[in-house]
1. For the full complex of protein chains and a 1.4 angstrom probe, list K103, K108 by accessible area with the highest value first.
2. Using the Cα centre as the reference, give the magnitude of the dipole from point charges on the C-beta atoms of the chain (Lys, Arg: +1; Asp, Glu: -1; all else neutral), rounded to the nearest 20 debye.
3. Find the relative contact order for the chain and round it to a whole percent, using C-alpha pairs within less than 8 Å whose residues are 6+ positions apart.
4. All other residues with a Cβ under 13 Å from the Cβ of P38 taken together, and with Lys, Arg as +1 and Asp, Glu as -1, what is their net charge?
5. For the chain, what % of the accessible area comes from carbon and sulfur atoms, probe 1.4 Å?
6. Enumerate the aspartates and glutamates that K89 could reach by cross-link, defined here as Cα to Cα under 19 Å, with residues fewer than 8 away along the same chain left out.
7. Sorted by average packing, counted as other Cβ atoms within 10 angstrom per residue and highest first, what order do 15-23, 109-117, 40-48, 123-131 take?
8. Filter the trypsin sites (Lys or Arg not before Pro) in region 47-81 to those in DSSP coil with at most 15 other Cβ atoms within 10 Å of their Cβ, and list the result.
Amino acid sequence: MTERPAIILVDPQLGENIGMTARAMLNCGLYDLRLVRPREHWLNEHTIKAAAGAGSHVQKAKIFQTTKEAIADLEWVFATTARPRGMEKRVVTPRQAAAHMKKNMTQKTGILFGKERAGLHNDDISLANRIIEIPLNSEYASLNLAQAVLICSYEWYQALETRSFKK
């Protein structure tokens, strides 16, 4: 069975970003959206509007109080960050992470993304097996949350080599 990675947003602050994340996920065939401590009233009209047709997907998101709870059923976890952390964890690109997921298709995998303003805390990153760093301009590597999700999701989708396109 092919396992699709879960996308886990830790402390997301804006409902719009959750909506855009759901949209990005569906573009790449991902359905398991998990939210850890989303801001109160995150599910609102702005969230659904930003989802642009993926609103029902947003409404199916699973909510957790801790990152540990959100990843409890996963066998392998990647954590995304743009900042060097000085941790003894291997750092990979989204493409390398996708290659790992393709090679281990039966393994339940997840990708952690941190809050918009500051990313993941070291405590959350310590729960991961590997760190994903998106190789961008070192002078300005700031991405919107949904953009980061899209890049990682896209690389996973491309690695599958089973895409179908409507003509």
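1. Ranked from most to least accessible, the order is K103, K108.
2. Its charge dipole is roughly 400 debye.
3. Averaging sequence separation for qualifying contacts and normalising by length gives 31 percent for the chain.
4. Its environment carries a net charge of +1.
5. That fraction is 48 percent.
6. Qualifying aspartates and glutamates at Cα under 19 Å: E75, D123, D124, E133.
7. Ranked by mean Cβ neighbours within 10 Å, highest first: 15-23, 109-117, 123-131, 40-48.
8. Those that pass, being in a loop and sparsely packed, are K60.
The values are calculated or read from the model by the stated rules, or taken from the named source; none is laboratory data. Bear in mind the structure is a predicted one, so any value in this text is a computation, not a measurement. Cβ atoms come from the backbone with ideal geometry, glycine included; neighbour counts cover every protein chain shown. For the accessible areas, the whole protein counts, side chains as well, though only heavy atoms, and no ligand, DNA or RNA atoms are used. Shrake-Rupley method; radii C 1.70, N 1.55, O 1.52, S 1.80 Å.
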